[in-house]
Structure formats: C-alpha cells, structure tokens
Amino acid sequence: MRRASALATSSLISRSLATVDGGAAVSNHRLLQVALFASSSTSEACSRSRSRWFSPMVESFSSGSYRAISVGIAGVMVSGVAAATLSQQVYAKEPPPPELVPKDVVLYQYEACPFCNKVKAFLDYYDIPYKVVEVNPISKKEIKWSDYKKVPILVVDGEQLVDSSVIINKLGGKILPDKVAPSGDDEETKWRQWVDNHLVHILSPNIYRNTSEALESFDYITSNGNFSFTERITVKYAGAAAMYFVSKNLKKKYNITDERAALYDAAETWVNALNGRDFLGGSKPNMADLAVFGVLRPIRYLRSGKDMVEHTRIGEWYTRMEASVGESARIKE
Ligand SMILES: N[C@@H](CCC(=O)N[C@@H](CS)C(=O)NCC(=O)O)C(=O)O
C-alpha cells in the first residue's frame with residue numbers, strides 16, 4: 001500500500017517534471033490537476049467575511065444612531081431592522097420555483113478545483129441542494145463508472161453533465177426558465193469566457209509562486225481533498241516542490257512575467273468591467289459574477305488572495321458576492 005502510494009506519487013512528480021522539461025500539455029498533467037487550489041469556503045472563512053461585510057453597515061448604523069438619539073431610541077431600532085432587512089433583500093440568493101429544483105444532485109469534485117468551485121457557486125447561489133463526492137485525484141476510483149475522467153461531473157436526477165460551463169448552461173436552462181439564453185456575443189458570455197481562457201491560468205503561478213506559498217497551497221489541498229494518510233504527507237511536500245517548477249512553466253506558456261502583477265491586473269480589469277455596478281449583472285449577480293467568484297474562492301484566503309484584496313479594488317465586489325451566495329446548499333452527509 002505504502003509502496004503503491006509512493007509509486008503513484010513518484011509517477012506524478014516525474015510526469016510533472018517531464019512536463020516542465022517538455023513544456024507540452026501542461027494543463028493535462030495529473031499533478032497540476034491534483035494541485036489546483038484549496039477551498040476557502042470553510043465556515044470560518046465565511047463567518048470572518050460576513051462580519052467584515054456587516055461591520056461597515058454596523059458602523060454607519062452606529063454613527064446614524066447618535067443623530068437618532070435625539071429622535072429617540074425607538075427610531076434607532078426601527079432603522080436598524082430596516083437596514084438589516086434591506087441588506088438581506090439586496091444580497092439574497094435566487095432560488096428557482098420549487099417544482100424546477102432537481103431532486104437528486106451529486107457533484108464529483110476536487111475541493112480545491114476552480115472549475116468545481118464555479119459549479120458550486122452556481123448551486124449555492126440558486127440554492128440547489130447537492131451532495132458532494134470528493135474524488136481521489138490519484139486513483140479516481142469514485143469516477144470509475146464514468147468515461148469522462150475530469151472533474152467536475154454533476155449528476156442531476158441520474159443524468160451525467162460534464163464540463164463546468166456546459167453544466168451551468170444546461171442546469172441553468174432547466175431551473176431558470178425566465179432567463180433569456182445569452183446571444184453569445186453579450187457581456188455576460190464574454191466575461192465567462194475570460195474566466196475560462198484567462199483568469200484560471202493566472203491562479204496556479206500565483207499560488208505556487210515560491211516555496212512557502214506552494215506549501216501553503218498544498219497544505220490546504222491535502223487537508224481538504226480525498227487522500228490516504230500516506231498520500232497526504234507525500235503529496236504535500238512532493239507536490240509543492242513539483243508545482244513550484246510546473247508553475248514556472250505555466251508562466252512561460254501563458255506569457256506571464258510577473259504573476260502577482262497579472263493577478264492584480266485581472267482583478268482591476270474585472271472591477272473596471274463592473275463599471276460602477278454592484279455586480280456585472282447589475283443589482284444581482286449574473287453567471288459571469290458567479291464564475292469569477294467561483295474560481296477565486298479557493299484562493300481568497302491564501303497569501304495570493306489576501307494580496308489581491310489588499311492591492312486591488314476587488315474586495316468590495318467579492319464581499320458582496322459572499323453575502324449574495326450565502327451559506328452553501330451542500331447536503332452534509
Ligand atoms: N473544461 C473543464 C476543465 C476541467 C478540468 O480540467 N478539471 C481538472 C481538475 S481542476 C481535472 O479533472 N483534470 C483531470 C485529472 O485530474 O486527471 C471544465 O471547465 O470543467
């Protein structure tokens with residue numbers, strides 16, 4: 001068992017180093033796929049962010065209350081309730097009509113995978129209850145039954161859906177009857193494509209940028225993923241070392257000279273796209289908001305995500321997204 005695991009790990013590493021040397025098909029590399037990101041969607045992260053979200057409101061409410069004292073304590077309390085209600089209305093989920101909610105939804109995923117997190121942001125926001133099967137990225141035994149060998153796979157009332165964007169389109173078509181199908185050259189589609197073709201490629205070079213960030217990322221990945229005890233230890237250190245090198249290759253492949261600058265630039269590009277709106281979708285998130293939020297969620301509380309929020313204007317939008325997406329719709333088993 002130990003030998004099998006060591007063999008698997010060494011094959012992963014030798015493959016990743018071969019990829020570095022050969023420079024081909026990096027995105028198909030198993031370690032990279034194992035490695036993609038750790039989830040920050042822990043309840044701890046949620047509660048931290050939620051308190052940050054509410055604190056400016058509480059502060060402004062408090063300053064308003066000084067003025068209101070002259071009017072009377074009752075007035076303050078009424079306005080407090082009104083403010084809370086308003087925030088709930090503004091940043092609320094959009095559950096579909098109950099008759100359209102699928103009965104049985106199962107997501108096969110890696111907790112840290114950005115594509116899986118894109119699907120989860122969609123399910124959480126539309127409040128579609130789903131079960132999660134965490135796939136072991138080395139054996140993949142949980143998806144042996146499928147011909148498709150990547151994650152996410154979403155099984156909706158027995159029907160297999162694959163590829164994050166296709167999953168979202170197909171499920172969206174079923175549960176959101178009033179949503180007009182995008183024309184293809186509209187703003188929402190353009191930014192969804194930007195996520196898949198640009199944003200996701202900047203993430204790996206950032207989270208494996210140096211040895212300490214690579215270790216931080218693998219600590220997250222191995223703590224949240226489906227690994228045996230031996231795999232957890234070996235993958236953490238060997239994976240971090242391998243991905244440090246792989247990420248240098250990815251930088252070349254995607255013409256990235258300074259990975260942090262590229263991340264900040266992407267965050268600013270997104271904020272510019274919002275053009276003063278709360279969300280790209282206006283007063284409510286659309287599929288592009290959910291896609292950007294979904295792929296950023298696994299890195300948000302890693303060093304790179306913290307830097308991104310500190311050095312760019314994306315934080316306010318991200319916090320609004322956290323408030324809108326709210327609690328996960330995942331069914332805990
Ligand atoms: N275009 C696909 C990409 C999915 C993808 O590449 N998933 C990675 C994990 S992040 C994967 O499963 N790779 C195969 C593997 O781990 O062997 C999507 O959007 O769902």
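The values are calculated or read from the model by the stated rules, or taken from the named source; none is laboratory data. Keep in mind that this is a model prediction, so the values were computed, not measured. Here the Cβ positions follow ideal geometry from the backbone for every residue, glycine too, while neighbour counts run over all protein chains shown.
Taken together, the residues in segment 190-206 that are among the polar types (S, T, N, Q) and either touching a helix residue (DSSP H, G or I) at 6+ places or on another chain (Cβ under 7 Å) or in contact (Cβ under 8 Å) with a residue 12 or more places away in the chain (or both) amount to 2. Taken over segment 174-218, the criterion of being part of a loop (DSSP other than H, G, I, E, B) and aliphatic (A, V, I, L, M) is satisfied by L176, V180, A181. Could you check, for segment 313-325, whether at least one of its residues is in the same structural domain as Y220 (by TED's automatic domain parsing) and not in a helix (DSSP H, G or I)? So far as segment 313-325 goes, yes, one or more of its residues are in the same structural domain as Y220 (by TED's automatic domain parsing) and not in a helix (DSSP H, G or I). Number of residues in segment 224-236 that are within 17 Å of the chain's Cα centre (by Cα) and in a helix (DSSP H, G or I): the value is 1. When each of D147, D185, D163, D196 is tested for being more than 20 Å from A291 (Cα to Cα) and either out of contact with any Ser or Thr (no Cβ under 6 Å at 6 or more places or on another chain) or loosely packed, with under 14 Cβ neighbours inside 10 Å (or both), the lone residue that passes is D147.
Only one of the listed residues (N169, N206, N210) is crowded, with 22+ Cβ neighbours inside 10 Å and within 30 Å of N272 (Cα to Cα). That residue is N206. When restricted to residues that are in contact with a Leu (Cβ under 8 Å, 6 or more places away or on another chain), within 13 Å of the ligand (Cβ to nearest atom) and part of a loop (DSSP other than H, G, I, E, B), segment 118-167 contains 2.
Screening the candidates D265, D278 for the property of being farther than 23 Å from F122 by Cα and among the acidic types (D, E) yields one hit, D265. Within segment 165-189, restricting attention to residues that are charged (D, E, K, R) and touching a residue at least 60 places away in the same chain (Cβ under 8 Å), the residue that is nearest to P152 (Cα to Cα) is K174.
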